[in-house]
1. Dipole of the range 35-138 (Lys/Arg Cβ +1, Asp/Glu Cβ -1, origin at the Cα centre): which of Gly111, Thr58, Leu75 lies farthest to the positive side?
2. How high is the relative contact order of the chain, in percent, counting Cα pairs under 8 Å that sit 6 or more residues apart?
3. Treat each spin label as a single point 7 Å out from the Cα along the C-beta direction, and report the Arg218 to Asn139 distance in nm.
4. Counting only Cα atoms, I'd like the Rg/Rh figure for the range 81-208, Kirkwood definition for Rh.
5. On full extension of the chain, what length is gained from Ala207 through His39, given 0.36 nm per residue of separation minus the C-alpha to C-alpha distance?
6. Taking θ as phi - 60°, what are the ³J(HN,Hα) couplings along the range 178-183 by the Karplus curve (6.51, -1.76, 1.60), each to the nearest whole Hz, with x for Gly and Pro?
7. Based on other C-beta atoms within 10 Å, arrange Val173, Val112 from fewest to most.
8. Set Lys and Arg Cβ to +1 and Asp and Glu Cβ to -1, take the dipole of the chain about its Cα centre, and tell me which of Leu193, Thr181, Leu86 lies farthest positive.
Amino acid sequence: MYKLATSILSADFACLGQQVQEAESANVEWIHVDVMDGHFVPNITIGPLVVQAIRPVTPLFLDVHLMIEQPERYLADFVHAGADMLTVHGETCPHLHRTIEQIKELGIKAGVALNPSTPLATLEEILRYVDLVLIMSVNPGFGGQRYIPSSTAKIMRLRLMLDSMGSKAELEVDGGINLATAAEVVGAGATVLVAGSAIFNKKASIAKNVEQIREVCRQII
Ligand code: DX5
Ligand code: ZN
């Protein structure tokens, strides 16, 4: 089975609490929060205040994706704001093991994310310490980009790596997940699908969009 983590990046921020509750009513499993600093990625989004604002609105797992340089400076702030998991980019952490341990010492789950061009080999020494690996299937920075097709082979190779070491870490895929790509990604071995623009858009209701993703994925499970 897989979980659906809906990215609030494409939500209507003027009524964010309501949008999160609608996603909860549509039975998504996680809320994915994209934090961007204008340095590691070109865009600037949100910080701990927004996590703190949505924490009382939903009991859902808050999956916080840190696309920021020197993420270690903000870990405690995000934990105190109510994050359930912090995922840092391997590319931003020269002392990745230390950063992962810091997150776990703060009492929540820890994940590592990789950009499309970063090889899986960089995970070799850290895999046993993480609760989640996030494979970026677009270059991070914006919602609504197209899925990079070579991501599927990368997901399959990571699935083999995790299975061969008996790891129960989640395999999350982020970027360009929609009706055309969701089933392929689950079929390749992902356990968490991040979806932003496929869920929060004006084409249909949140509930309808979630149901359509479930439907295409049912065909391969
Ligand atoms: C991209 C973010 C994603 C993004 C996904 O940098 O990490 O979580 O919101 O958006 P969609 O689902 O529209 O590709
Ligand atoms: Zn993300």
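1. So the residue furthest toward the plus end is Thr58.
2. Details: 429 pairs, mean separation 45.3, N = 221.
With pairs under 8 Å counted, the relative contact order is 20 percent.
3. In this crude label model, Arg218 to Asn139 measures out at 3.9 nm.
4. My calculation of the ratio gives 0.97.
5. Details: separation 168, 0.36 × 168 = 60.48 nm, distance 3.46 nm.
Between Ala207 and His39, full extension yields an extra 57.0 nm.
6. Calculated HN-Hα couplings, in order: 8, 5, 7, 10, 4, 5 Hz.
7. Fewest to most other Cβ atoms nearby, the residues stand as Val112, Val173.
8. Thr181
No value in this document is a laboratory result; all are computed from the given coordinates. This is a predicted model, so every value here is computed, not measured. Every residue, glycine among them, receives a Cβ derived from its backbone with ideal geometry; neighbour counts consider all protein chains shown.
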